[in-house]
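Structure first, then comments.
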Amino acid sequence: MASLKIIDKTPASLGFTFPAEWEKHAGTWFSWPRPEGISFPDKHHTVPAIMAAIFREIAPRETVHVNVPNGNVERIVRQQLKDAGGPSKNVVFHHIKTNENWCRDHGPAFVVNRAKKQLAIVDWGFNAWGGKYPPYQDDDRVPTEIAMELKIPIFYPEKPDSAAWPRTGCLYERAIARTGLGVIMEGGAIEVNGAGTLVTTVDCLLNKNRNPDLSKAQIEQYLKDYYGQTNILWLEGGIEGDDTDGHVDDLARFISPTKLVMAIEPDAKDVNYKTLKSARKQAEKLRDQDGRPFEIIELPMPSPVEHDGERLPATYINFLFVNGALLVPTFRDRKNDKKAIDILQSHLPKHKVIGIDCTELIWGLGAIHCLSQQMPAV
């Protein structure tokens, strides 16, 4: 049986930090959508082509890691990728079961110690966005499974009352079977600028369906201790159709230590108008780790995307950095798609900004950033 190295200290105390997404990657992780999963009812057949399009842009730049439950599914997915014109090289499959495909939220939070060139994983608790979509036990185990496969250390954020958490004995069996222990957190709930600042939302992290027994101050301390940050900032708001209770990766993202990108809705009649206008005003008051305001870059919202009368959380903010490129979700809105890409390209001259049509993908209530989790190079 593989060993699991659990570190009984905080990442920050040992010099680990969660790096900015634009820092060099060793790879990017995905969890392949299951046909029987709940994310794409009657739409799963459209997803492999989108995954292939995303992988085509990533594989020449860094390794694509894909979680699938077993070898049979791996063979099916390889064929689906081939049929859709996806890459075959630099795509590595891992036999790790998942409930759903949103690797940003259930995947590992990779932290690094640059001085010692060490990589480790933080395994936050995962409860499917406040218990909305059970079962989620397979998703909750993903970071531990990856730590075992990669043979790298792992941190478990513990609550003060988690006295039963194992520190000795058969650690793997206890860790892999855990449910309900630890602090609940999702990758899409936080964003860092790579210099010590983390921004999140009140709507998500202070929601009682996540950590009802923790205060705001306690949550901030966990963010500092386990993401290795020094400055925690809060925004309020979440876009329409976002079932995560307001993930920040649909609202505001950093593209440098000093630049914060935000979505703006110009139509006063649109359901997102007031929320995004308010978030924009809040952002003007935010200060970085050195007390300085951010340069706020405005992106338009795409025209409303709906399916079966349901407003979907389409936004260009759900982009993904990979080595040398930025992948931006687009939504068949010729005017605004181009405008968003042009704005981002003007601020990222060293990156190639690439649009990926996510019109079908957004039916799952997420886009490129939601699907992925970066693994930094050390």
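The values are calculated or read from the model by the stated rules, or taken from the named source; none is laboratory data. In this text, all values refer to a predicted model and were calculated from it rather than measured experimentally. A quick note on method: Cβ atoms are made from the backbone with ideal geometry, for glycine too, and the neighbour counts reach across all protein chains shown.
Going through the stretch 199-222 one residue at a time, which ones are surrounded by 23 or more Cβ atoms within 10 Å (Cβ to Cβ) and either of a type in the set (A, V, I, L, M, F, W, C) or farther than 22 Å from PHE16 by Cβ (or both)?
Those that are surrounded by 23 or more Cβ atoms within 10 Å (Cβ to Cβ) and either of a type in the set (A, V, I, L, M, F, W, C) or farther than 22 Å from PHE16 by Cβ (or both): VAL199, THR201, CYS204, LEU205.
Where residues in the stretch 243-275 are over 23 Å from the mean Cα position of the chain (by Cα) and hydrophobic (A, V, I, L, M, F, W, C), which of them is nearest to ASP203 (Cα to Cα)?
Within the stretch 243-275, the subset over 23 Å from the mean Cα position of the chain (by Cα) is 265-271, 273-274.
Narrowing the set further to residues that are hydrophobic (A, V, I, L, M, F, W, C) leaves 268, 271.
Values: ALA268: 22, VAL271: 17 Å.
The selected residue is VAL271.
Can you tell me which of (1) closer than 25 Å to PRO266 by Cβ; (2) buried (at least 24 other Cβ atoms within 10 Å of the Cβ); (3) in contact with a His (Cβ under 7 Å, 6 or more places away or on another chain) is the one ALA367 doesn't meet?
Here ALA367 clears every test but (3).
Taking the stretch 227-273 only, how many residues are at positive phi and acidic (Asp, Glu)? It would help to see each step written out before you state the result.
Applying the first criterion (at positive phi) to the stretch 227-273 yields 228, 237, 241, 245-246.
Narrowing further to those that are acidic (Asp, Glu): 245.
So the count comes out to 1.
Being in contact with an Asp or Glu (Cβ under 6 Å, 6 or more places away or on another chain) and assigned to a loop (DSSP other than H, G, I, E, B) narrows it down to one residue among LYS97, LYS9, LYS89; which is it?
Details: LYS9 fails: in contact with an Asp or Glu (Cβ under 6 Å, 6 or more places away or on another chain); LYS89 fails: in contact with an Asp or Glu (Cβ under 6 Å, 6 or more places away or on another chain).
Matching residue, one of LYS97, LYS9, LYS89: LYS97.
Before we move on, is ILE317 part of a strand (DSSP E or B) and in contact (Cβ under 8 Å) with a residue 12 or more places away in the chain? I'd like the intermediate steps shown before the answer.
On the way: part of a strand (DSSP E or B): no; in contact (Cβ under 8 Å) with a residue 12 or more places away in the chain: yes.
It is false that ILE317 is part of a strand (DSSP E or B) and in contact (Cβ under 8 Å) with a residue 12 or more places away in the chain.
Please specify each residue of the stretch 75-110 satisfying the condition of being touching a residue at least 12 places away in the same chain (Cβ under 8 Å), in contact with a Ser or Thr (Cβ under 9 Å, 6 or more places away or on another chain) and loosely packed, with under 14 Cβ neighbours inside 10 Å.
Result: VAL92, single match.
If you go through the stretch 100-118 one residue at a time, do you hit one that is within 22 Å of THR10 (Cβ to Cβ) and assigned to a helix (DSSP H, G or I)? Lay out the reasoning, then the answer.
At the first step, the residues of the stretch 100-118 found to be within 22 Å of THR10 (Cβ to Cβ) are 105-118.
Restricting the remaining residues to those that are assigned to a helix (DSSP H, G or I) gives 105-106.
Yes, the conditions are met somewhere in the stretch 100-118.
Of all residues being surrounded by 15 or more Cβ atoms within 10 Å (Cβ to Cβ) and among the charged types (D, E, K, R) in the stretch 255-276, which is farthest from ASN336 (Cα to Cα)? Just the residue, please.
Here the answer is LYS259.
Would you mind finding the one in GLY125, GLY131 that is out of contact with any strand residue (DSSP E or B) (no Cβ under 8 Å at 6 or more places or on another chain) and either surrounded by fewer than 21 Cβ atoms within 10 Å (Cβ to Cβ) or within 27 Å of GLN229 (Cβ to Cβ) (or both)?
Details: GLY125 fails: out of contact with any strand residue (DSSP E or B) (no Cβ under 8 Å at 6 or more places or on another chain).
Being out of contact with any strand residue (DSSP E or B) (no Cβ under 8 Å at 6 or more places or on another chain) and either surrounded by fewer than 21 Cβ atoms within 10 Å (Cβ to Cβ) or within 27 Å of GLN229 (Cβ to Cβ) (or both) holds for just one of GLY125, GLY131, which is GLY131.
For the stretch 344-357, state whether one or more residues are touching a Phe, Trp or Tyr at 6+ places or on another chain (Cβ under 9 Å), outside any loop (DSSP other than H, G, I, E, B), over 24 Å from PHE30 (Cβ atoms) and touching a residue at least 12 places away in the same chain (Cβ under 8 Å).
Looking for residues that are touching a Phe, Trp or Tyr at 6+ places or on another chain (Cβ under 9 Å), outside any loop (DSSP other than H, G, I, E, B), over 24 Å from PHE30 (Cβ atoms) and touching a residue at least 12 places away in the same chain (Cβ under 8 Å), one finds none in the stretch 344-357, hence no.
When only residues in the stretch 324-343 that are surrounded by fewer than 20 Cβ atoms within 10 Å (Cβ to Cβ) and touching a residue at least 60 places away in the same chain (Cβ under 8 Å) count, which is farthest from the chain's Cα centre (by Cα)? Talk me through it step by step, then tell me what you get.
Keep residues of the stretch 324-343 that are surrounded by fewer than 20 Cβ atoms within 10 Å (Cβ to Cβ), which gives 324-325, 332-336, 338-339, 341-343.
Applying the additional criterion that residues be touching a residue at least 60 places away in the same chain (Cβ under 8 Å) yields 324-325.
Working: GLY324: 19, ALA325: 17 Å.
Checked the stretch 324-343; the qualifying residue farthest from the chain's Cα centre (by Cα) is GLY324.
Looking at ALA2, ALA49, which one is over 20 Å from PHE126 (Cβ atoms), among the hydrophobic types (A, V, I, L, M, F, W, C) and modelled with pLDDT under 95? Please lay out each step first, then the result.
Numbers: ALA49 fails: modelled with pLDDT under 95.
Sole residue among the options that is over 20 Å from PHE126 (Cβ atoms), among the hydrophobic types (A, V, I, L, M, F, W, C) and modelled with pLDDT under 95: ALA2.
Please determine whether any residue of the stretch 276-290 is among the hydrophobic types (A, V, I, L, M, F, W, C), part of a strand (DSSP E or B) and either in contact (Cβ under 8 Å) with a residue 40 or more places away in the chain or out of contact with any helix residue (DSSP H, G or I) (no Cβ under 6 Å at 6 or more places or on another chain) (or both).
At the first step, the residues of the stretch 276-290 found to be among the hydrophobic types (A, V, I, L, M, F, W, C) are 276, 279, 283, 286.
From what's left, part of a strand (DSSP E or B): none.
For the stretch 276-290, residues among the hydrophobic types (A, V, I, L, M, F, W, C), part of a strand (DSSP E or B) and either in contact (Cβ under 8 Å) with a residue 40 or more places away in the chain or out of contact with any helix residue (DSSP H, G or I) (no Cβ under 6 Å at 6 or more places or on another chain) (or both): absent.
Residue by residue, here is whether (1) surrounded by fewer than 19 Cβ atoms within 10 Å (Cβ to Cβ); (2) within 22 Å of the chain's Cα centre (by Cα); (3) over 18 Å from ASN99 (Cα atoms); (4) among the small types (Gly, Ala, Ser) holds:
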site	(1), (2), (3), (4)
SER3	yes, no, yes, yes
PHE18	no, yes, yes, no
ALA26	yes, yes, yes, yes
PRO33	no, yes, no, no
GLU36	yes, no, no, no
SER39	no, yes, no, yes
ASN67	no, yes, no, no
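Read through the list (1) outside any strand (DSSP E or B); (2) touching a residue at least 60 places away in the same chain (Cβ under 8 Å); (3) over 30 Å from THR230 (Cα atoms), then give the number of the only condition that ALA52 fails.
(2)
Scan the stretch 147-155 and tell me whether some residue there is crowded, with 16+ Cβ neighbours inside 10 Å, modelled with pLDDT of 95 or more and within 14 Å of the chain's Cα centre (by Cα).
For the stretch 147-155, residues crowded, with 16+ Cβ neighbours inside 10 Å, modelled with pLDDT of 95 or more and within 14 Å of the chain's Cα centre (by Cα): absent.
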